[in-house]
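Here's the structure we're looking at; comments come further down.
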Amino acid sequence: MTGSNRPRYTPIAPDLRARAHLLVADHLDVSAGVFAPGATLADFPERWGIVAHALVLPEPLPSAGVKHFRSSAHLLALLRHRLAAETMGLRIYAVGSEPFVWDVAKAATEAGMGRDEMQLFATGQPVRRVSCVHCRHINPDVTTTLVTCAGCGVALSVRDHFSRAHNTWMGVQCDAEIPGELPAVEDLSA
Amino acid sequence: MMDGQTLTLRVADAVLVAPGLRRLHLVAADGTRLPPAAPGAHITLTLPSGHNSYTLVSADPEAGYEVIVRLTPQSRGGSRHVHDTLAPGDVLPATVPHNLFALHSQAKKHLLIGGGIGVTPMLAFVAHLRLAHAPFELHHMAVSAEIGVFETLLDARPGERVHVHAGPPGVDLGALLAVQPLGTHVYTCGPSGLMNAVESAAAALGWPDSHVHREDFGASGGEPFMLRLAKSGIDIAVAADQTMLAAIEAAGVDTPSLCRGGACGVCLAPVLEGTPEHRDHYLTPAERASSRMVMPCVSRSQSATLVLDI
């Protein structure tokens, strides 16, 4: 499609010039496929991952090493805390769903990190946050090209336009000209 | 040939702010507004001895531009002229301001490391950062005799982290850079030894290149060599205290230039024979290694003769 600004992801590799590395993922078993040739999990001794289980206890200050978090909200809150106390020389590597890796990118950007201090790699089935341009509601976990906006109820067509600032895709009413005339729904992974 | 639009400036005032440091206040000769310039910008003045680039200490379209010029003993004549001859009322051709040393708008903190006359962009930065209430820290290196001069120019306000150190060595750069919070950008201007030390200390601590900014003008001087301009068909002897660009201009060959400090890439010239000694900050390591291009504003020659295709 013309006008697409769809993010492209390249497999991650440790930046050898960095003083420290932090790998954050929204899952625990980071697969070999996310690493560039020559890189392995062992290159990232400090890893944060999400278990999504209530038995994981919130810890105020995760120490170096492998750390588990209860949810992405839990991880991102601690990440912001960690980055606020960090000094220059850190690189951050985010692996997981597209909304998650861009949440990490946002936290890093807000902490003053530039694009050359972070590497993002989206994995798994495509899932998008879709922002309705009419009511501004953000519809999470969208996996199809059409979605009914949970905010205002219109049928939204998911445009191939991604906002890196808002971490959302653009949703525009698709039957505004002829109400009720909808294109076929397609799965994003198709 | 100077690139870009030209200005005609009139010297409104010229004062000696300290021994060897003269501040020029420049306004438009026809009394009109001057183009605005962000902190870090420079202009190139055309003086009888050639073109010299100076950082703007302040730039206001109504009030005019201010530059501070140091009298250098090995001067090519530019600073000597500014100090001895230039007087209020004199008119000078100049380029419009160009900025190759801008503050980064997304920085969480600005760390300024200056040395000697490299204070000039720092003065513009400090004035801007104070108004913007942006976090900054400044360390300036000076010979002991001039510490008071720079303290007066920088005029630290209570609570500000503005320090003038006797140096070299001055401040411990490794220790200073190691404690900087994420999102800090460092800006350095001064002797090349200081700027190289800042760059290597930052690199050793894992700072990305995008957070390290430097500005140097006219790192001239070195071994004399012969320059042959193949298209123009002339041979020029480049003196030890002369830049290749100044030598080309002195020979009457019109060649484009802009920053004259190895940063912008406008004066890039193709090399036919010989090995350049690269001193610029524009070419990539691969381009340097190929020896097919050179920036005559700052670079010299490793070989006795260098042949350029101009």
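Restricting the first member to segment B:234-254 and to residues that are within 16 Å of B:Pro48 (Cα to Cα) and free of Cβ contacts under 8 Å to residues at least 40 places away in the same chain, and the second to residues that are surrounded by fewer than 16 Cβ atoms within 10 Å (Cβ to Cβ) and not aromatic (Phe, Trp, Tyr), the beta-carbon pairs closer than 7 Å and six or more apart or on different chains are B:Ala251/B:Ile234.
Of A:Arg136, A:Arg159, all but one fail to be among the basic types (Lys, Arg) and part of a loop (DSSP other than H, G, I, E, B); the exception is A:Arg136. Scanning segment A:102-148 for residues that are aliphatic (A, V, I, L, M) and under 16 Å from A:Gly89 (Cα atoms) turns up A:Ala108, A:Ala111, A:Met113, A:Met118.
For every residue, the table says whether it meets (1) closer than 30 Å to B:Ala201 by Cβ; (2) within 14 Å of chain B (Cβ to nearest Cβ); (3) of a type in the set (Lys, Arg).
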site: A:Ala25; (1), (2), (3): no, no, no
site: A:Val30; (1), (2), (3): no, no, no
site: A:Ala36; (1), (2), (3): yes, no, no
site: A:Gly49; (1), (2), (3): no, no, no
site: A:Lys67; (1), (2), (3): no, no, yes
site: A:Leu83; (1), (2), (3): yes, yes, no
site: A:Val101; (1), (2), (3): no, no, no
site: A:Ala111; (1), (2), (3): yes, yes, no
site: A:Ser131; (1), (2), (3): no, no, no
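Could you please find all residues in segment A:134-167 being in contact (Cβ under 8 Å) with a residue 60 or more places away in the chain and surrounded by 15 or more Cβ atoms within 10 Å (Cβ to Cβ)? Break it down into steps so the answer makes sense when it comes.
Keep residues of segment A:134-167 that are in contact (Cβ under 8 Å) with a residue 60 or more places away in the chain, which gives A:160-162, A:164, A:167.
A:His161, A:Phe162, A:Asn167 - these are the residues of segment A:134-167 that are in contact (Cβ under 8 Å) with a residue 60 or more places away in the chain and surrounded by 15 or more Cβ atoms within 10 Å (Cβ to Cβ).
Among the residues making up segment A:121-133, a single one is surrounded by 22 or more Cβ atoms within 10 Å (Cβ to Cβ) and either β-branched (Val, Ile, Thr) or closer than 30 Å to A:Ala20 by Cα (or both): A:Val130. Among the candidates B:Glu146, B:Glu137, the residue that is charged (D, E, K, R), surrounded by 13 or more Cβ atoms within 10 Å (Cβ to Cβ) and assigned to a helix (DSSP H, G or I) is uniquely B:Glu146. Say whether the condition of being touching a Pro at 6+ places or on another chain (Cβ under 6 Å), buried (at least 18 other Cβ atoms within 10 Å of the Cβ) and of a type in the set (Ser, Thr, Tyr) is met by at least one residue in segment B:37-45. No; the residues of segment B:37-45 include none that is touching a Pro at 6+ places or on another chain (Cβ under 6 Å), buried (at least 18 other Cβ atoms within 10 Å of the Cβ) and of a type in the set (Ser, Thr, Tyr). Considering segment B:276-304, and only residues there that are in contact with a Lys or Arg (Cβ under 9 Å, 6 or more places away or on another chain) and touching a residue at least 60 places away in the same chain (Cβ under 8 Å), the residue that is farthest from B:Asp241 (Cα to Cα) turns out to be B:His281. Taking the criterion of being out of contact with any strand residue (DSSP E or B) (no Cβ under 8 Å at 6 or more places or on another chain) and over 29 Å from A:Thr109 (Cα atoms), the only residue of segment A:136-166 that qualifies is A:Gly153.
Of the helices (runs of 4 or more DSSP H) that lie entirely inside segment B:168-262, those containing 3 or more residues that are under 21 Å from B:His281 (Cα atoms) and either touching a Ser or Thr at 6+ places or on another chain (Cβ under 6 Å) or away from every other protein chain (no Cβ under 14 Å) (or both) span B:192-204, B:244-250.
For every residue, the table says whether it meets (1) within 22 Å of B:Phe150 (Cβ to Cβ); (2) in a loop (DSSP other than H, G, I, E, B); (3) of a type outside the set (S, T, N, Q); (4) modelled with pLDDT under 95.
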| position | (1), (2), (3), (4) |
| --- | --- |
| B:Gly4 | no, yes, yes, yes |
| B:Leu9 | no, no, yes, no |
| B:Val27 | no, no, yes, no |
| B:Gly31 | no, yes, yes, yes |
| B:His42 | yes, no, yes, yes |
| B:Leu45 | no, no, yes, yes |
| B:Ser53 | yes, no, no, yes |
| B:Glu66 | yes, no, yes, no |
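On the stretch given as segment B:12-50, residues that are hydroxyl-bearing (Ser, Thr, Tyr) and touching a helix residue (DSSP H, G or I) at 6+ places or on another chain (Cβ under 8 Å) total 1. Taking segment B:74-113 as the range and being closer than 30 Å to B:Pro169 by Cβ, within 14 Å of another protein chain (Cβ to nearest Cβ) and not in a strand (DSSP E or B) as the test, the residues that pass are B:Leu103, B:His104, B:Ala107, B:Lys108. When restricted to residues that are of a type outside the set (D, E, K, R) and part of a loop (DSSP other than H, G, I, E, B), segment B:263-297 contains 17.
The values are calculated or read from the model by the stated rules, or taken from the named source; none is laboratory data. Bear in mind the structure is a predicted one, so any value in this text is a computation, not a measurement. Ideal geometry is used to build each Cβ from the backbone, glycine not excepted, and the neighbour counts take in all protein chains shown.
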